[in-house]
Amino acid sequence: MTQIALVTGGGSGVGRACAKALAEAGFHTVVTGRRMDALEETVAMIGEGRASAISCDVTDPEATDALFARIEKDHGRLDVLFNNAGVNVPAAPVGDVPVKDWLHTINVNLNGAFIVARAAFILMRKQDPQGGRIINNGSISAHVPRPGSAPYTASKHAISGLTRTLSLDGRPYNIACGQIDIGNAASEMTSRMGGGVPQADLSIKPEPVMDVTHVANAVVHMAQLPLEANVQFMTIMATNMPFIGRG
């Protein structure tokens, strides 16, 4: 039986790369996000019959419930969720962060992740056979911040707490949850790295990046484990980025 995977934020970057890798590994991959045109591009790259696209704003609980109802109707179950959708805002010291930027980041990165994980948990708990796997996209920022990154860093620290709680709550229902913390994967979000980004001492320095394919391969490894095994936390990063003692 073909396993079903859902990738949020599947229209670009890490989400697109992971959707393609999951499909190549044999999953039927459902990609979701707000822009249907971008999702359809991802499906076209994967190939007809191996993937499908459903538009959804993950911050909207009703839209998310409709997404999961469609997955259940079309496929009968969900085996893997890669909870990937996220945003960032311009860097600024805490005192200069507009409240709207804080609220927007928390709404997408944390509230959206919870809303999607909750819906996945409900489906995985009731399906037969019961269970499944949730993989949350954390970040190096789930461990240490960059200067001026309060909204993003706070959201990603919170994802670690969500991951741990999902792991604990999922045990009676054969639902595993792990987290991948990514550092400097080449994507739209890291395109500025080569030109220099703020360091802990407030200097501006370029940072190395890695091919996003390595992230995709890591997600596939986590997704393919039997449910009796789990990668609880994985950090994958450009080898020479300043993570340990950032800056």
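Observations on the structure shown:
- Members of region 75-89 found to be surrounded by fewer than 20 Cβ atoms within 10 Å (Cβ to Cβ) and in contact (Cβ under 8 Å) with a residue 40 or more places away in the chain, listed by number: His75, Gly76, Arg77, Asn88, Val89
- Single residue of Val116, Val108 found to be modelled with pLDDT of 95 or more, buried (at least 23 other Cβ atoms within 10 Å of the Cβ) and either not in a strand (DSSP E or B) or not hydrophobic (A, V, I, L, M, F, W, C) (or both): Val116
Table: residues versus (1) among the aromatic types (Phe, Trp, Tyr); (2) in contact with a Leu (Cβ under 9 Å, 6 or more places away or on another chain); (3) touching a residue at least 24 places away in the same chain (Cβ under 8 Å); (4) within 13 Å of Ile140 (Cβ to Cβ).
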site	(1), (2), (3), (4)
Pro206	no, no, no, no
His214	no, no, yes, no
Met222	no, no, yes, no
Ile236	no, no, yes, yes
Pro242	no, no, yes, yes
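- Any hit, region 164-173, residues being free of Cβ contacts under 8 Å to residues at least 40 places away in the same chain and crowded, with 17+ Cβ neighbours inside 10 Å: no
- Evaluation of Ala154 against (1) farther than 14 Å from Phe82 by Cα; (2) in contact with a helix residue (DSSP H, G or I) (Cβ under 6 Å, 6 or more places away or on another chain); (3) in a helix (DSSP H, G or I) (one fails), failing number: (2)
Residue by residue, here is whether (1) more than 22 Å from Val215 (Cα to Cα); (2) surrounded by 17 or more Cβ atoms within 10 Å (Cβ to Cβ) holds:
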| site | (1), (2) |
| --- | --- |
| Ala51 | no, yes |
| Pro61 | yes, no |
| Ala66 | yes, no |
| Ala92 | yes, no |
| Asp101 | yes, yes |
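- Residues of region 207-229 classified as under 11 Å from Asn184 (Cα atoms) and either assigned to a loop (DSSP other than H, G, I, E, B) or of a type in the set (S, T, N, Q) (or both), total: 4
- One residue stands out among those in region 129-142 that are out of contact with any strand residue (DSSP E or B) (no Cβ under 7 Å at 6 or more places or on another chain) and in a loop (DSSP other than H, G, I, E, B): the one that is surrounded by the fewest Cβ atoms within 10 Å (Cβ to Cβ), which is Pro129.
- The set of residues from region 144-163 being among the β-branched types (Val, Ile, Thr), in contact (Cβ under 8 Å) with a residue 60 or more places away in the chain and under 27 Å from Ile175 (Cα atoms) comprises just one member, Thr163.
- All positions within region 58-105 that are of a type in the set (S, T, N, Q), over 13 Å from Pro151 (Cβ atoms) and part of a helix (DSSP H, G or I): Thr64
- Looking only at residues in region 1-29 that are among the hydroxyl-bearing types (Ser, Thr, Tyr) and buried (at least 19 other Cβ atoms within 10 Å of the Cβ), the one that is nearest to Glu72 (Cα to Cα) is Thr29.
The values are calculated or read from the model by the stated rules, or taken from the named source; none is laboratory data. Quick caveat: nothing in here was measured; it's all calculated off a predicted structure. All Cβ positions, even for glycine, are placed from backbone atoms using ideal geometry, and neighbour counts span all protein chains on display.
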